[in-house]
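For reference, the structure is listed below as structure tokens.
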Amino acid sequence: MKLLKNYLNFNNNKNTIYAMKKIGLFYGTTTTKTASIAKKIKEAFGSENVDLVSVEDAWKKDFESYDNIIVGVATWFDGELPNHWDEVRPELEALNLKGKKVAIFGLGDQVRYPENFVDGIGILAETFESVGAKIVGFTSIDGYNFEMSRAIRDHKFVGLAIDKENQSKLTNDRIKSWVEQLKKEFD
Amino acid sequence: MPNLTQNRKTDMKKYDIKTTDKETLKNWYHLMTLGRAIDEKAPAYLLQSLGWSYHAPYAGHDGIQLAVGQAFTKGEDFMFPYYRDMLTVLSAGLTAEELILNGISKATDPASGGRHMSNHFAKPEWHIENVSSATGNHDLHAVGVARAIKYYEKKGVAITSHGESAMSEGYVFEAINGASKEELPVIFVIQDNGYGISVPKKDQTANRKAVDNYSGIKNLRIMYCNGKDVFDSMNAMAEAREYAIANQKPVLMHANCVRIGSHSNSDKHTLYRDENELKYVKEADPLHKFRRMLLRYKRFTEEELQAIEAEVKKEVSAANKKALAAPDPDPKSIFDFVIPEPYKPEKYVAGTHNEEGEKKNLVTAINETLKAEFRHNPDTFLWGQDVANKDKGGVFNVSKGMQQEFGEKRIFNAPIAEDFIVGTANGMSRFDPKIRVVIEGAEFADYFWPAMEQFVECTHDYWRSNGQFSPNITLRLASGGYIGGGIYHSQNIEAALATLPGCRIVYPSFADDAAGLLRTSLRSEGLTVFLEPKALYNSVDAATVVPEDFEVPFGKARVRRPGKDLSLFTYGNTTLLSLSVAERLAKEDWDVEVIDLRSLVPLDKETIFESVKKTSKALIVHEDKVFAGLGGEIAAIIGSEMFQYLDAPVQRVGSTFTPVGFNPILEKAVLPNVDKIYEAAKKLLEF
């Protein structure tokens, strides 16, 4: 299985990845910006590979039914999770997500909120790790200009940081690179 | 920036949506729904001209306010809420009716009987304290009361709460610095809603969270919580209280809130907040969030929640009815509780004596009286700048030997923070009415001004709380010139302070009067400003015999030299000068009556009038400037109430209307002296 996977990964122009398990992409469906990024990511993977899941309605079984999970999270106020993530957290904390891989993307504004840039990514990373999941999709902090973030480990973001307010032109490329990276890192 | 998880022990979580018992959740939901109902109803009272002309809506602060109220432990803790803390006090135990009584300023409002502005909730008997409208200044009171909690080894905390923008005030720094230095059990709760009225918090300070400015302060624990989340706030406050008590150290609690409404009813926030922002903050409504969680995690059904909401409607309606029917304050009551009843001497009723023996100078008299009173009353405390360092006791050694005898917990140095010195005296008084605090308000009266905002608080706390709380403070200040001290070591400030109702002002000229007035002050409730003419500290002429138990009542002047031709009223440094002028005039066959007022507020009008009746001529002599000096007030009183007895206009002698120059030549030109007094007296005598 592994050899086949490696062989297939050479064909990185293909949209359908035979060996990769289906991805559940959880995000707040009442959001605008996060929702638009979620849709772009789904397209980049190939729509058939990704299920969009509304986190406002998500419950235990929804998380348990995917081995590859992507979560999209904005950061609210001075470093908080938006309501729809915050309110599902007690449920998340009671799950067992061992063996699952989670990739996190988040939106932030480097200029107006430099002290807690994409903190939401960091908070969710901690939450998912605490119930056994493995975080994938780390990216470089180069190319961003901020003061502090809860989403950093060893000079990397523990996910993908999108800044629509200040670096909107970089969004599409950032998504593209990340998706390519995840194709290798996901199961 | 400290990370949330580094600062909070997650294994200390007491409350969460899944495990907290249903009764507790119900209690919280009830309080939050009730609070919000009143918060939303408040503007209606104003529209119907029933009152509540000041209302600061709290929607968006619900989590932390509930938590502060729940953490408050009656009988142990002291709470200092601010003008937005409606849910806080409700959560702490006030009733809906009590909130409305305060809103519409009824006579039975537990905070102040309608005397203080609406929406400043309090219940002093439970130590939910009455606080100012000057935002954030109650932090100093919290620190003062915490000092008492620690001294008396009681279990409890002082909790003080206000917004993030108030942290720009210097006195907030003084309070946090003091609490950290003294290691006191205080929880400073900062309800950060991003605005100071219309000013966004980025205009206050560079750090996005103002509390981060304090990350370098030793002994201070900074905690962060989401003030919009009931569980996070409850867990944070529980942990903070436990920590503060166990470690006897202060906590600075930052709570992120949103301000869903305007700053107050006199602010229209749509003028500076757009639709998107208002939508964003409404989405973060803590009450709606809590409700969603209760349903999502199946702790309550929709029906059960609606039942609570229906109950709340009834509760508010009933409270409203009762509050509207409550009595309004009586206009005749305005003179109640301006200043507490003072200690009335029984042995030395007129504040005079005929004892003979060895004379003591002013410094010795004050020093010995302080010591005697500190032995007499163990609940006495003294602090100020420079008051206690080995053999030095104050810049003039007035407190010499006191720390050695009474220990450093009762006699100690304060930092160079005059506002802190006065504010913590106010706070400490709240712990127990038997406490008496002596403070050197500043090293010299000239440096007292930074303390004015706390001084104002102290003067009207008794009145504002409808007689429920009096700061019991003797505020000593070395005053006056004649020492070549110039602009910052010569000021007389009694006229500036006298304009504030609620304080007494005394200004002795002799050692015995100083001792007597000091004793009376220390045995009285209330605030007394004790001005000491520093030029006379070691003066032989001001030295007198001082009976060991001497007392001088407030409001009693002393005839130092009887006479019949002219009434000369004076106090402080000019008393001795006036007496010497009287002797000089006696040689010219003029008989001048010299009266040492001693007590300026209250003023001894009886003695003044007795004298004017006798002599028909009045001269007021004081060191302070003639223009706007207290002599003007006294002259006006004599002019309006004793006009028919006067044979000449009332005259005044005092300093020129200039600052006091440093060069002795300049000082001499500015201050009154025997020649200037002689000229004025002579002129009046010959009128």
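Summary table
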item: All-pairs Cα distance distribution in region B:143-200, expressed in whole percent, bin size 10 Å; result: 23, 45, 24, 8, 1
item: Average other protein chain Cβ within 10 Å of Cβ, residues B:215-228; result: 1
item: Long-range HN-HN contacts of residue B:223 with modeled amide H, under 5 Å; result: B:252, B:253, B:254
item: Lysines whose Cα lies under 21 Å from that of residue B:434, excluding same-chain neighbours fewer than 8 positions away; result: B:74, B:123, B:150, B:154, B:155, B:344, B:371, B:409
item: Region B:307-389: equivalent-ellipsoid semi-axes (sqrt of 5 x gyration tensor eigenvalues, Cα, Å); result: 55, 22, 11
item: Neighbouring partner chain Cβ atoms per residue of B:253-261, average, 10 Å criterion; result: 1
item: For B:61, B:288, order by how many other beta-carbon atoms lie within 10 Å, fewest first; result: B:288, B:61
item: DSSP bridge orientation in region B:137-281 - percent antiparallel, rounded to nearest 5; result: 10
item: Estimated Rh, region B:346-441: Kirkwood, alpha-carbon pairs, angstrom; result: 14.5
item: Percent of beta bridges antiparallel (DSSP, region B:521-663, rounded to nearest 5); result: 20
item: Cα convex hull of chain A, projected area averaged across orientations, nm²; result: 10.1
item: Nearest 10 degrees, 0 to 90: helix B:630-641 Cα axis against chain B principal axis; result: 80
item: Within a Gaussian network of chain A (alpha carbon springs, distance under 10 Å), most fluctuating of A:28, A:99, A:120; result: A:99
item: Convex hull volume per residue for the protein assembly as shown, taking Cα atoms only, in Å³; result: 187
item: Structure-based [θ]222 nm, chain A - -39500 (n - 2.57) summed over DSSP H runs of at least 4, per residue, nearest 500; result: -9000 deg cm²/dmol
item: Rounded tilt (10° steps) of B:230-247 against the dominant C-alpha axis of chain B; result: 50
item: Peptides B:149-162, B:202-215, B:567-580 ordered by average Cβ neighbours within 10 Å, highest first; result: B:567-580, B:149-162, B:202-215
item: Shielding by partners - mean other protein chain Cβ count within 10 Å, residues of A:78-91; result: 5
item: Sorted largest first, extent of region B:86-216 alpha carbons per principal axis (Å); result: 45, 43, 22
item: C-alpha long axis of helix B:674-685 to longest principal axis of chain B, angle in °; result: 80
item: Antiparallel %, DSSP beta bridges [both residues in chain B], to 5; result: 15
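Here, each number is a calculation from the coordinates, and none is a lab measurement. Since the structure is predicted, the reported quantities are computational estimates derived from the model, not experimental observations. For neighbour counting, all protein chains shown are included, and Cβ atoms are generated from backbone atoms with ideal geometry for every residue, glycine included.
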